[in-house]
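Student: One structure, pasted below without further comment.
The values are calculated or read from the model by the stated rules, or taken from the named source; none is laboratory data. All values reported here derive from a predicted model rather than from experimental measurement. Don't worry about glycine lacking a Cβ; one is built from the backbone with ideal geometry, like all the others, and counts go over all protein chains shown.
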Amino acid sequence: MNVFVLEDAPERIDWFKKTFANDNIDITDSVDSSIKKLSHNTYDLIFLDRDLGKLKETGEDLAWSMLENKMAKETPVIVHSMNSRGQRVIQKYLKKYKKDVYSIRFNDLKKYSLQSILKIAKLENTEDIKEVTESQSIIDFVVKNVHQLKGTRAVDASNKIKAAESLYQIWKNTSNQVGNDVYQKPENINFDDLSQMQDEGLVKIIARNRFKITSEGSTYLKTMILGDNRNSFSKNNDKKLEYRTAEKNTEASKTSSWINKIVK
């Protein structure tokens with residue numbers, strides 16, 4: 001397998017070399033070098049970072065060049081940047097002409113086995129998902145097994161679930177609530193996390209530190225986390241249900257068909 005990596009951090013480069021030790025791997029920290037390699041070589045998998053140390057150029061510049069020249073159109077790309085804004089910009093450019101573009105922050109990526117990474121990039125068939133124990137809630141189950149989800153939406157599901165989990169952490173603390181459906185951002189949640197929740201359609205930012213929960217966000221709180229259709233704005237409503245009960249309660253939910261696609 002031929003792998004291309006845009007990365008400048010030595011410790012990350014070492015991880016890529018070890019992980020793909022049995023493959024042909026090209027690693028560079030330069031946009032110009034990247035353009036040359038992607039123009040003259042064919043790769044099976046591409047990894048892109050956003051920030052490149054002290055260099056003025058970034059992974060965003062490479063993504064824009066890739067878009068302009070329709071480079072590596074059929075090759076899956078995994079954006080592994082820890083820069084949430086930059087990650088979204090790179091995805092925005094690439095998704096204009098490519099369909100297999102995924103985001104996995106490096107801290108999450110390094111937890112995955114090579115086999116799991118290849119499954120996410122659709123370079124290997126997915127295995128059956130692990131058996132669910134009755135003590136797990138739907139959100140726990142999906143978050144812990146997201147890299148094994150069936151179908152092609154595993155990473156998209158991961159992003160939305162992580163955003164929903166962040167929303168849940170804010171929602172369950174009643175001190176964050178400042179109105180009927182208006183909440184303030186706590187200090188342990190950064191603005192990039194809030195922006196990600198908005199990008200996933202779960203909230204609408206109304207000030208830098210305040211937001212409203214959308215109807216979709218409310219649905220996720222009710223079905224993906226609470227496991228039923230209780231009013232997510234009610235008090236004392238953050239108790240998680242065991243999986244079988246949650247599964248039964250979500251059968252009639254409008255999101256149950258989507259849940260059933262990824263939790264079987």
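Student: From the set of residues in segment 84-117 that are at pLDDT below 85 and farther than 25 Å from MET197 by Cα, which is surrounded by the most Cβ atoms within 10 Å (Cβ to Cβ)?
Tutor: By that ranking, first place goes to SER116.
Student: Report, by residue number, each residue of segment 158-201 that is touching a residue at least 60 places away in the same chain (Cβ under 8 Å) and among the hydrophobic types (A, V, I, L, M, F, W, C).
Tutor: ILE161, ALA164, TRP171, listed by residue number.
Student: How about segment 16-82: which strands (runs of 3 or more DSSP E) wholly inside it have at least 1 residues that are over 19 Å from the mean Cα position of the chain (by Cα)?
Tutor: Once the strands (runs of 3 or more DSSP E) in segment 16-82 are filtered for at least 1 residues that are over 19 Å from the mean Cα position of the chain (by Cα), what remains is 24-28.
Student: Where residues in segment 162-186 are β-branched (Val, Ile, Thr) and either assigned to a loop (DSSP other than H, G, I, E, B) or out of contact with any Pro (no Cβ under 8 Å at 6 or more places or on another chain) (or both), which of them is surrounded by the most Cβ atoms within 10 Å (Cβ to Cβ)? Working first, answer last.
Tutor: Residues of segment 162-186 β-branched (Val, Ile, Thr): 170, 174, 178, 182.
Adding the requirement that they be either assigned to a loop (DSSP other than H, G, I, E, B) or out of contact with any Pro (no Cβ under 8 Å at 6 or more places or on another chain) (or both) leaves 174, 178, 182.
Details: THR174: 10, VAL178: 9, VAL182: 14.
My answer is VAL182.
Student: What do you reckon, is ASN22 without any contact (Cβ under 8 Å) to a residue 60 or more places away in the chain, under 19 Å from LYS162 (Cβ atoms) and not assigned by TED's automatic domain parsing to the domain that holds GLU200? Spell out the reasoning first.
Tutor: Numbers: without any contact (Cβ under 8 Å) to a residue 60 or more places away in the chain: yes; under 19 Å from LYS162 (Cβ atoms): no; not assigned by TED's automatic domain parsing to the domain that holds GLU200: yes.
When the stated conditions are applied, ASN22 does not pass them.
Student: Please enumerate the residues belonging to segment 189-209 that are of a type in the set (S, T, N, Q) and either closer than 18 Å to GLY86 by Cβ or not assigned by TED's automatic domain parsing to the domain that holds TYR168 (or both).
Tutor: ASN190, SER195, GLN196, GLN198
Student: Another one. Which is modelled with pLDDT under 85 and in contact with a Leu (Cβ under 6 Å, 6 or more places away or on another chain), of GLY179, GLY217?
Tutor: Unique residue meeting the criteria: GLY217.
Student: Looking at segment 1-30, which of its residues are under 17 Å from SER81 (Cα atoms), of a type in the set (Asp, Glu) and buried (at least 16 other Cβ atoms within 10 Å of the Cβ)?
Tutor: GLU7, ASP8, ASP29
Student: Go through segment 83-115 and count every residue that is part of a loop (DSSP other than H, G, I, E, B) and closer than 11 Å to LEU48 by Cα.
Tutor: 2
Student: Give LYS264, LYS239, LYS212 a once-over and let me know the one that is under 29 Å from ASN83 (Cα atoms) and either modelled with pLDDT under 55 or in a strand (DSSP E or B) (or both).
Tutor: LYS212
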